[in-house]
Every structure is written in C-alpha cells, then in structure tokens.
Amino acid sequence: MFCGDETGAYVMETGWTNSRFGWGGAADPCLQIPTLLTSSNTIGLSALHSSSNTGGATPIFNNPNNTSEITNWDAWETLLSSSMSQTVCQNRPILSTDPGFSPPGQKETQTEIMFEKFDTPAYFISHTAALSAFSLGRHTAMVVDCGGGGNVATPVIDGMVLKRSLRRSVRGGDFLDMQIKEVIEKKTGKPLAVRPERQTTGKYKTPSKAYLSSLTPSQKTYRSFCLHETLTDFKKSHGVSLQFAKVDMREVSGLIPDDSVYELPDGTPVNVNEHPDLYVVPEAMFMEGPLTSSKTDAPALIDVEGNDQDQPQTDPSLLDVPLHRLAHEALSSADVDCRKELLMNLVLCGRGSCFSGVDTRLSKELTAMTPSTFRVKVSSGKGEERSNASWIGGSILTSLGSFQQLWLSKAEYDEYGSTLAVQRFP
Ligand SMILES: Nc1ncnc2c1ncn2[C@@H]1O[C@H](COP(=O)(O)OP(=O)(O)OP(=O)(O)O)[C@@H](O)[C@H]1O
C-alpha cells in the first residue's frame, strides 16, 4: 500500500498515435507527444531520422495489428524518461493505461521497468476503457474508442473490463487516412504532397515540393509521420465538412461552408464540397461489408507504400466491421442482464471520433439493431475531453482517497516481484 497523504501521481497513456502525460487531479495532460516520434535513444523529429540496419527508426509499436504490444522497450523507456524530465517528475507514483489486449508478460515488464529503472514509489496499471467510462462518471458502460490504430468496443461492468467481450476493428484513424490519401491522389492526379518538418509553416509557408512517393523506403517511419501529420491536419480543418452519407442532412445543414477549400502542402487547392467521395470518407466507419481485402490495406501501416516486406499479416481477431456492428458484437457477448444498462451508457471517445455526427449516427444504427425496448444513449465529452477521456479518467482515479490503497508499492514489489502485477492489474 502506498500511504502518502498527497500522492501527486503521474498519469501516462501510451497510445498508438499520441502519448499523454500529466499530473493526477489535473483537467488535461500537460504533455502530449506523437508516439511515432520516439526511437530507442532519442525523441522528437530527430528520432525519425535515426538510422538502424533495418532502415529508419524502430517505433515503440511495430505491429500494425495490436496497438498495445510494445515491441521496442528501449523506445518506451526513452519516451518515459523524456516526458518525466520535461515535466520534472521525480519519485512519484505512476499510473499507466492498458487497452486490455496486451500480450502476456507485458504488464510484468512494465512493472519491472517502473520500479527498477524509474525508481517509482508506487505503480498501477488501469484499463483504458474503464478510465474512459470513469471520466464521464460511469462505472458501467459500453466504451467505444476510435483511435489511430483501430476502433475498440469494451463493455465495462462496475469498473471491471469484460475482456472476453472486447472487440477490435481495423477501421481506425490510420485506415481513414489511407482512404483520404487515395481519394486526394485520384482527384489531383499526383502523389500526395507532404510538408517536411523544416520548411516554414504558418502564414508565410512556402509550397512543399516533397511527395510521399519521393521519400525512400528507408524513411518509412518518417513517411508514416508525414502522412499522419498531413492528413490529421486535413481532418482537423475539415472535420465539420466530412459527413456521413446516411445522416439526416437537416441535422447537419449549415455546417458545410460554401467554400470549403483545403490547400495541400504543395499549394494544390482541394474543394471538399466538390468531391462527395472525399467528404463522405468517414462513412467508411459505418459501411457494411469487408473493406480491407489485401495486406496493403491493413489499418495501421508503418510503411504507407507497402514496401515493407516484413510486415506482419493482419491479426484474424481484428474485425473488419462497421462501428455499430463492433459495439453490437461486444454487447452480444456480454451477459444478457447487463445489456440494457450498457446500451443506456454508451461512451464514445478517442480523437478519431471527432467527426461531426458520429454519435448521432452510432445511436441511430444501434437503435435499428436492438429491440425496441432497449434505449441507446451515446455520451461523449467535448473536444479534448473526448480525445483524452482515458487520461482524464486516470487523473480522477489517482486523486481519489479510496484509490490510494490499491497502488502496488515498491516494498511489495521488492518482496514479491513483478508477478504481483498479474494479480493486481488483471
Ligand atoms: N479532428 C479530428 N477529426 C477526426 N479524426 C481526427 C481528428 N484529429 C485527429 N484525428 C485522428 O485521430 C486519430 C488519433 O486518435 P487518438 O489520439 O485518440 O489515438 P490514440 O489514443 O493515440 O490511438 P489508439 O487509441 O489506437 O491507441 C488519428 O488517426 C488522427 O488522424
């Protein structure tokens, strides 16, 4: 048991796309780092160019199927130590998050690193979905998290995650990026332009002459980063214009600006309104039938041009189903008794769900799939609250007095070792 009066805990979440760090009790993380910007010994843009024999930097997650399997522990440690030095964190209890499908042994390794290398006085690993539900004040909820690596539906009952009912799908933010890239390239008739990080940005930016296809295969992490940065910028600026084909247009009328022009990094203008296939890209989240037919369509490609010969095959447990079916699958595998309550408490989170109308659409589709006696109620935070839901849940949890007895303390670790992590953090 960690018995400090005032814990001042450090809360960290290592997501597929973004990692978040900050202090327990705070409203927002004080530091966010793109997870891709980390290599074994450095962090930041220089990490993308650090060479290795395999060509390019090796990121923390080098597996397109499992967003939580840490494959480069040195990079994970570098990310942590860098965030701690930036936020001046020393000798604090640390809470980290786990999405519930990490491979066996990962939690023990994390626990060992925390106590042996970072000398933390206490440590705790909590489920991402349980924390997201908690951020909206719910102990029981069906959490639908739309991230970069994929979408995950997790039933949470009384704060406990039903692991056997957890369902993942490939249609996350990276998948949509590939769709947007394809449409833009088809419209403009040339490869997608990206903006090298050293070029001037802002009002006086010069057009970029760098194209995704001109970056060499050895720059694969850099290419992924450029693609992600360019298309996230597109989604952010045109998230309002990107619509769902089946949403009642009366509900969203007035949201589409008449002149919705996005300027690509090379200066090419793309009028989103003139390209219905562009503004309905998020519709892929709800489209029926399989959308990923080949290996190169895999959701979270590290090599965006499909040149990586070592690319693992897509995990068969990853579903290629629309968001509402994903939630429905997770719901159907939960106990009959709790389904009604889960549907009444559907929590939508993750930055990938920030397109306008996702909550309405999800609610409509699920209502159509469930008996009329069931009521679907989708709740979600606004803006950053939605994006940082699990981090915020961790921040709330660590500041509760009743939670303090749940920490795994250094004394306990010294006595029983990291195997205690398996019991403490199921
Ligand atoms: N305004 C926006 N509208 C839609 N999508 C967005 C927006 N901003 C960012 N995204 C997308 O959200 C995804 C990242 O979401 P988020 O930060 O929740 O992921 P993560 O937590 O790092 O990933 P994961 O949950 O898979 O571990 C990226 O694919 C990004 O392009």
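When segment 405-426 is filtered for residues that are of a type in the set (S, T, N, Q) and modelled with pLDDT under 95, the ones remaining, listed by number, are Gln405, Ser418, Thr419, Gln423.
Residues checked against (1) at pLDDT below 90; (2) out of contact with any helix residue (DSSP H, G or I) (no Cβ under 6 Å at 6 or more places or on another chain):
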site	(1), (2)
Asn273	yes, yes
Val281	yes, no
Gly289	yes, yes
Pro299	yes, no
Pro316	yes, yes
His324	no, no
Asp335	no, yes
Arg339	no, no
Val347	no, no
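On the stretch given as segment 371-409, residues that are in a loop (DSSP other than H, G, I, E, B), crowded, with 17+ Cβ neighbours inside 10 Å and not small (Gly, Ala, Ser) total 3.
Tell me which residues, restricted to segment 142-161, are in contact with a helix residue (DSSP H, G or I) (Cβ under 8 Å, 6 or more places away or on another chain), more than 16 Å from the ligand (Cβ to nearest atom) and in a loop (DSSP other than H, G, I, E, B). Selection gives Gly159 alone.
Considering segment 162-175, and only residues there that are part of a loop (DSSP other than H, G, I, E, B) and within 15 Å of the ligand (Cβ to nearest atom), the residue that is surrounded by the most Cβ atoms within 10 Å (Cβ to Cβ) turns out to be Arg171. Apart from one condition, Ser418 fits all of (1) part of a helix (DSSP H, G or I); (2) touching a residue at least 12 places away in the same chain (Cβ under 8 Å); the exception is (1).
The values are calculated or read from the model by the stated rules, or taken from the named source; none is laboratory data. Note that the structure is predicted; figures quoted are calculated from it, not measured. As a convention, Cβ positions derive from the backbone with ideal geometry for all residues, glycine included, and neighbour counts pool all protein chains shown.
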